[in-house]
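Here is the structure we will look at, set down as structure tokens.
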Amino acid sequence: KIQYAFVGDIEAAGLTKGQLKEKLIKELDRFVKVPEISVTISAYKSKNIYVLGEVTRPGQYPMKGDNISLRDAIVAAGLHTREAALRRVYIIKIDEKKVIPKKVDLFALRYRGSMKYNLNLVPGDIVVVPSTVPSEINRALNTLLQPVFKAAAVDALLSRE
């Protein structure tokens with residue numbers, strides 16, 4: 001709802017900018033001879049994209065308009081981490097009937113200025129920035145060897161006594 005002088009609360013939910021403008025003109029027509037109205041959306045609360053994986057701040061990001069570029073989405077997520085596989089980034093678009101993955105070379109976009117990869121994202125799109133293979137191997141080895149390292153540290157502390 002919006003509140004406007006003379007007319008009070010006006011229901012705006014579900015209306016387009018044009019429909020809201022027409023509704024306001026109709027309501028104000030009783031008080032103003034030629035009402036001039038301009039409707040601007042300052043922020044969308046229901047339009048979001050998602051950036052996941054090897055970025056500084058993975059998560060859900062609200063859109064300020066009807067679309068956002070891939071470059072702007074990655075910047076909003078705090079840029080990629082050192083472990084990011086920049087040549088294997090995917091944009092996942094979810095259609096009513098199917099999921100459509102599109103591979104994007106973020107390295108070419110960021111470091112070579114290849115704007116053909118700066119695709120426009122629309123609400124509901126998911127950007128996945130995967131890890132490089134060596135970083136995945138490193139994480140797996142750390143997970144497997146962590147108990148061994150902890151046991152060795154405890155053994156070293158006990159053997160000092």
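Selection of region 91-107 for residues being over 13 Å from I74 (Cβ atoms) and not acidic (D, E) yields I92, K93, I94, K97, K98, V99, I100, P101, K102, K103. Checked against (1) farther than 27 Å from I137 by Cβ; (2) touching a helix residue (DSSP H, G or I) at 6+ places or on another chain (Cβ under 8 Å); (3) open to solvent by less than 90 Å² (accessible area, probe 1.4 Å), V104 passes all but a single condition, namely (1). Within region 44-60, being open to solvent by 40 Å² or more (accessible area, probe 1.4 Å) and on the phi < 0 side of the Ramachandran plot holds for Y44, K45, S46, K47, Y50, L52, T56, R57, P58, Q60. Taking each residue of region 90-113 that is aromatic (F, W, Y) and looking for partners that are open to solvent by 40 Å² or more (accessible area, probe 1.4 Å) with beta-carbon atoms closer than 6 Å, six or more apart or interchain, yields Y90/P101; Y90/K103; Y90/V128; F107/R87.
Filtered by the rule that a residue be part of a loop (DSSP other than H, G, I, E, B), surrounded by 10 or more Cβ atoms within 10 Å (Cβ to Cβ) and not aliphatic (A, V, I, L, M), region 17-43 gives D29, F31, P35.
The condition of being under 28 Å from V127 (Cα atoms) and surrounded by fewer than 15 Cβ atoms within 10 Å (Cβ to Cβ) holds for only one of L70, L79, that being L79. In region 56-76, the residues that are of a type in the set (D, E, K, R) reach residues that are part of a loop (DSSP other than H, G, I, E, B) and modelled with pLDDT of 95 or more with C-beta atoms within less than 9 angstrom, at least six apart or across chains, in these pairs: R57/A77; R57/G78; R71/N118; D72/N118. Each residue in region 1-16 was checked for being in contact with a helix residue (DSSP H, G or I) (Cβ under 8 Å, 6 or more places away or on another chain) and loosely packed, with under 11 Cβ neighbours inside 10 Å, and 1 pass.
Looking at this structure, is F149 open to solvent by 40 Å² or more (accessible area, probe 1.4 Å), on the phi < 0 side of the Ramachandran plot, modelled with pLDDT under 90 and among the aromatic types (F, W, Y)? Judged against the criteria, F149 is a match.
Taking region 46-161 and the strands (runs of 3 or more DSSP E) fully enclosed by it, the elements with 3 or more residues that are over 16 Å from the mean Cα position of the chain (by Cα) are at 99-104. Only one of the listed residues (L121, L79, L70) is more than 29 Å from L15 (Cα to Cα) and modelled with pLDDT of 95 or more. That residue is L79. Restricting attention to region 84-97, the residues that are open to solvent by 60 Å² or more (accessible area, probe 1.4 Å) and either modelled with pLDDT of 95 or more or within 19 Å of P130 (Cβ to Cβ) (or both) add up to 5.
The values are calculated or read from the model by the stated rules, or taken from the named source; none is laboratory data. All of these numbers come straight from a predicted model, not from anything done at the bench. Virtual Cβ from ideal backbone geometry, glycine too; neighbours counted across all protein chains shown. Areas reflect the complete protein model, heavy atoms only, side chains present, ligands, DNA and RNA absent. Shrake-Rupley method; radii C 1.70, N 1.55, O 1.52, S 1.80 Å.
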